[in-house]
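> Quick one: the structure is below, and I'll ask about it shortly.
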Amino acid sequence: MAKNEEYIRKPDWLKIKINTNESYTGLKKLMREKSLNTVCEEARCPNIHECWSERKTATFMILGDTCTRGCRFCAVKTGLPTELDWGEPARVAESVKIMGLQHVVVTAVARDDLKDGGAAVFAETVRRIREANPGCTIEILPSDMKGDYESLTTLMSSAPDIFNHNIETVRRLTRRVRARAMYDRSLQLLKRVKEIAPDTPTKSSMMVGLGETKEEILETMDDLLAHDVDIMTIGQYLQPTKKHLKVERYYHPDEFEELKEIALSKGFSHCESGPLVRSSYHADEQVNAASAQRRIKYMKGYEEQEKTEVNFTF
Ligand code: SF4
């Protein structure tokens with residue numbers, strides 16, 4: 001475990017394969033033509049070459065390219081956003097169609113300048129994607145919308161297939177890492193989704209390497225489970241620029257594996273954990289795995305019920 005004197009040297013397992021093939025350049029062109037943003041580019045995601053070149057997938061970032069918050073881990077531009085673009089939902093839907101996606105992840109910048117946090121445009125985007133792409137599953141990754149439940153209800157009226165909201169870090173570090181968010185507010189938001197739509201799987205992601213302890217990571221897992229979160233992803237924090245928080249330590253792939261095993265044993269239906277794992281990394285596979293787990297759980301519940309019924313009969 002290295003100590004962060006100045007900058008810790010990046011370990012070999014974080015070296016990225018650069019691949020800018022036709023699929024990569026084609027996706028870039030499509031995003032520019034449609035005036036769309038992706039979190040892959042804006043957040044400088046380390047997986048962009050794999051996702052765009054090999055998996056032909058991307059995570060759309062709607063409501064503009066400027067975020068009203070200024071989280072100290074995130075590379076997305078901060079400032080006062082421009083007006084809302086009501087043409088954006090249709091352009092996202094059309095791009096999903098052109099890309100032929102079976103599963104799409106849509107996230108958004110935090111729009112604290114808007115009364116509904118952008119929920120109406122977000123919901124419209126989900127509806128437009130569904131209309132143009134029946135059969136494509138839709139995962140949404142919104143901000144906490146300042147914990148406004150009316151905005152959440154507006155968003156959930158579009159019936160996304162997966163609701164994803166990131167806890168990002170442990171309770172103790174939340175203020176330092178994302179000053180304008182609140183740990184408990186994020187947990188409440190996830191819980192509320194289950195109250196509105198009990199069958200919608202919920203998902204949350206955290207970064208490690210910001211100075212948290214193992215006990216704090218396990219507490220975060222417990223907190224998420226206590227708020228009925230089904231899927232968890234865990235990835236290494238990487239410092240996007242010198243202005244952002246430094247990496248306190250790099251976790252070894254074996255440690256990620258151990259965290260995954262702990263998460264599953266604690267009760268998550270699926271956990272993706274690895275140095276380069278991001279909330280939307282291999283999201284399509286996570287959906288399939290989570291639905292399979294849900295089916296197993298359901299069948300187990302059904303068998304138990306049958307047993308109970310038999311016991312009653314006797
Ligand atoms: S992991 Fe997500 S954000 Fe990163 S490149 Fe892949 S789809 Fe984009």
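> How about segment 98-142: which of its residues are acidic (Asp, Glu) and closer than 22 Å to PRO81 by Cα?
Passing the criteria: ASP112, ASP113, ASP116, GLU124.
> Here is a further query. Any idea how many residues of segment 98-114 are touching a helix residue (DSSP H, G or I) at 6+ places or on another chain (Cβ under 7 Å) and either modelled with pLDDT of 95 or more or within 18 Å of GLU41 (Cβ to Cβ) (or both)?
6
> Show the residue pairs meeting these rules: Cβ distance below 6 Å; 6+ apart or different chains; first residue within segment 12-34 and farther than 17 Å from THR59 by Cα; second residue part of a helix (DSSP H, G or I) and of a type in the set (A, V, I, L, M, F, W, C).
none
> List every residue pair whose Cβ atoms lie under 7 Å apart, where the two residues are 6 or more positions apart in sequence or sit on different chains, the first residue falls within segment 178-193 and is touching a residue at least 24 places away in the same chain (Cβ under 8 Å), and the second residue, located anywhere, is among the small types (Gly, Ala, Ser).
Note: pairs meeting the criteria are ARG185/GLY147; GLN188/GLY147; LEU189/GLY147; LEU190/SER204.
> Out of curiosity, is THR38 touching a residue at least 60 places away in the same chain (Cβ under 8 Å), under 24 Å from VAL287 (Cβ atoms) and not hydrophobic (A, V, I, L, M, F, W, C)?
no
> Also, quick follow-up: So, LYS28, is that one within 14 Å of the ligand (Cβ to nearest atom) and of a type outside the set (Ser, Thr, Tyr) or not?
Considered against the rule, which asks whether it is within 14 Å of the ligand (Cβ to nearest atom) and of a type outside the set (Ser, Thr, Tyr), LYS28 comes out as yes.
> Give the residues of segment 201-227 that are surrounded by fewer than 16 Cβ atoms within 10 Å (Cβ to Cβ) and part of a loop (DSSP other than H, G, I, E, B), sorted by residue number.
Scanning segment 201-227 gives a single hit, THR213.
> Right, here's the next one. Can you report the number of residues in segment 260-314 which are at pLDDT 75 or above and part of a loop (DSSP other than H, G, I, E, B)?
11
> Go through segment 52-64 and give me each residue that's within 15 Å of the ligand (Cβ to nearest atom), crowded, with 19+ Cβ neighbours inside 10 Å and not aromatic (Phe, Trp, Tyr).
Of everything in segment 52-64, those that are within 15 Å of the ligand (Cβ to nearest atom), crowded, with 19+ Cβ neighbours inside 10 Å and not aromatic (Phe, Trp, Tyr) turn out to be SER53, THR57, ALA58, THR59, MET61, ILE62.
> Pick from ARG176, ARG180: which is in contact with a Lys or Arg (Cβ under 8 Å, 6 or more places away or on another chain), part of a helix (DSSP H, G or I) and among the basic types (Lys, Arg)?
When all the criteria are applied, what remains is ARG176.
> Tell me which residues, restricted to segment 74-114, are within 30 Å of LYS246 (Cβ to Cβ) and surrounded by 19 or more Cβ atoms within 10 Å (Cβ to Cβ).
Hits for segment 74-114 are CYS74, VAL76, PRO81, VAL105, THR107, ALA108, VAL109, ALA110, ARG111.
> Sticking with this one: Residue check: is LEU238 within 21 Å of VAL105 (Cβ to Cβ), within 16 Å of the ligand (Cβ to nearest atom) and in contact with a Gly (Cβ under 9 Å, 6 or more places away or on another chain)?
Details: within 21 Å of VAL105 (Cβ to Cβ): yes; within 16 Å of the ligand (Cβ to nearest atom): yes; in contact with a Gly (Cβ under 9 Å, 6 or more places away or on another chain): yes.
Answer is yes for this residue.
> Let me confirm something: among ASP148, ASP144, which residue is under 14 Å from ALA110 (Cβ atoms) and surrounded by fewer than 19 Cβ atoms within 10 Å (Cβ to Cβ)? Reasoning before the result, please.
Values: ASP144 fails: surrounded by fewer than 19 Cβ atoms within 10 Å (Cβ to Cβ).
Of ASP148, ASP144, the one residue that is under 14 Å from ALA110 (Cβ atoms) and surrounded by fewer than 19 Cβ atoms within 10 Å (Cβ to Cβ) is ASP148.
> If GLU41 passes every condition in (1) within 16 Å of the ligand (Cβ to nearest atom); (2) in a loop (DSSP other than H, G, I, E, B); (3) among the acidic types (Asp, Glu) but one, which one does it miss?
Condition not satisfied by GLU41: (2).
The values are calculated or read from the model by the stated rules, or taken from the named source; none is laboratory data. Keep in mind that what you see is a predicted model, and the values were worked out from it rather than measured. Glycine also receives a Cβ, built like all others from the backbone with ideal geometry; neighbour counts cover every protein chain displayed.
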